[in-house]
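J.: What follows is a single structure, and I will ask about it in a moment.
Coordinate-derived values only; no laboratory data. Source: prediction; values computed, not measured. Neighbour counts run over all protein chains shown; Cβ positions are idealised from the backbone, glycine included.
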Amino acid sequence: MRNKILLLAAGIFLIQFYGCDKINFGKKKEEPKPVQQVAASTSALQAAVPAAKGTVIATVDGYPVTQESLDEEINRYNGLVPEDKPESKIDTKEKKIAYLKNEVARRVLLYQEAEKRGLDKSSDVLKGLEDTKQQLLVLQLVKDEMNKVNVSNSAIEDYYNTYKDQFKEPEERRIREIVVATEGEAKAALAKLLLGEEEFASMATRISKSESAAKGGDLDFIKRGDMKSEEFDRVAFSDAIEPGQTSQYFKGPKGYYILKLEAKKGGKQKSLSEIWDDLKKGLVYMEQQKRLEEVVKNLMKNAKVEIKESEIK
């Protein structure tokens, strides 16, 4: 049908350009078509091609491609490119032209061919279009509701002040350890350390049964949870111990421990201004989820939902 329309349009153009008496199609010369028929044929040609909204930068067999639609598609594509592969992004004019030729044009041609074959009337396609329509409408409804949500500056400040301790950089501490089998050994070792009779590292190498003994008990910098022991964290990250100091002995997962704090880093409190944007995004998201739940809850009140569980296989 599309080809017939295009041929008809070409015929109209030739008639208008050369005149009827100069064209011979192998048939008896006919009288010029009435103006109404010419206008109707032109309208049919226009209807066969979607109206372009924006700046047309290409046509594929009459199908217009606009700058706006290309930019929107490329933005979606770039949004899916992993951060560690920036070279894969379409961010130059040359790459845009290549994408237009190799992807958009090919897709439009396949789309047009599918329409010519009447595949747009198949039950599978119609079902798929209906499913897609449902998903798009739901997404648009959710988007409309989400756009109604905002949080005040005071709400952001209140949240920050309430959960201030959660906005600290992870603290790391460099710890040495001595691990022995019995409490008696731990007491004797601690006494020698406090009296300065032996250095912590040399004692760890000599008597500790931990794997760190080969390194003088050095665990390097660790964070809470790295040692998978609450008791270990309680002592190692205690405010009562400062760099250069040794802890009391305590019972741990592999025996009796004595720790020495070598150094501290991190643990800085992040200011509200530093995390303002991220905090606002998080609070907006939380409020959006609440609003969505309210919308669904209100809809469910007046809806009749029947689920035939016995029929489900």
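J.: So for the pair Y77, K254, with labels modelled 7 Å out along Cα→Cβ, what separation do we get in nm?
T.: With each label placed 7 Å out from Cα toward Cβ, I get 5.4 nm.
J.: Distance from a point 7 Å along Cα→Cβ of E231 to each backbone N in region 171-209: keep the residues under 11 Å and list them by number.
T.: 183
J.: Dipole magnitude of region 133-247 about its Cα centre, charges +1 at Lys/Arg Cβ and -1 at Asp/Glu Cβ only, in debye to the nearest 20?
T.: Computed charge dipole of region 133-247: roughly 400 debye.
J.: Okay, moving on. Using 0.36 nm times the number of residues separating E294 and E157, minus their current alpha carbon distance, what extension gain do you get?
T.: 46.8 nm
J.: If packing is taken as the average count of other Cβ atoms within 10 Å, what order do 122-132, 70-80 fall into, highest mean first? Provide the component values of the computation, followed by the final result.
T.: Details: 122-132: 10.3, 70-80: 13.0.
Order by mean packing, descending: 70-80, 122-132.
J.: Please report how far the C-alpha centroid of region 108-158 lies from that of region 233-254, rounded to the nearest whole angstrom.
T.: Taking the Cα centre of each part, region 108-158 and region 233-254 sit 57 Å apart.
J.: Let me ask another. Say the cut-off is 29 Å between C-alpha atoms; which of K215/K265; K85/K268; K89/K223; K133/K297 go over it?
T.: Working: K215/K265 21 Å; K85/K268 32 Å; K89/K223 37 Å; K133/K297 23 Å.
Checking Cα-Cα distances, K85/K268; K89/K223 exceed 29 Å.
J.: Moving on. For region 192-244, what class follows from the C-alpha gyration tensor (a ≥ b ≥ c being the square roots of its eigenvalues): rounded when a/c is under 1.5, otherwise prolate if a/b is larger than b/c, else oblate?
T.: Oblate.
J.: Report the one residue of A191, V180, L259 whose Cα lies farthest in the direction of the positive end of the charge dipole of region 169-265 (charges on C-beta: Lys and Arg +1, Asp and Glu -1; origin at the Cα centre).
T.: V180
J.: Under a Cβ-Cβ cut-off of 12 Å, what is the net charge of the residues other than G54 that fall near it, where Lys and Arg count +1 and Asp and Glu count -1?
T.: Neighbourhood net charge equals -2.
J.: Ok, one more. Pull out the extension gain between D277 and N102, defined as 0.36 nm times the separation in residues minus the alpha carbon to alpha carbon distance; nm, one decimal.
T.: 59.1 nm
J.: Once the convex hull of the C-alpha atoms of region 169-265 is built, how many Å³ does it hold per residue, rounded to a whole number?
T.: Roughly 85 Å³ of hull volume per residue.
J.: Expressed in nm to one decimal, what extension gain is obtained for the pair E169 and E311 from 0.36 nm per residue of sequence separation less their Cα-Cα distance?
T.: Going from the current span to full extension adds 45.7 nm.
J.: Please enumerate, by chain and number, the lysines with C-alpha under 16 Å from the C-alpha of K116, excluding those fewer than 8 residues away in the same chain.
T.: Result set, ordered by chain and number: K4.
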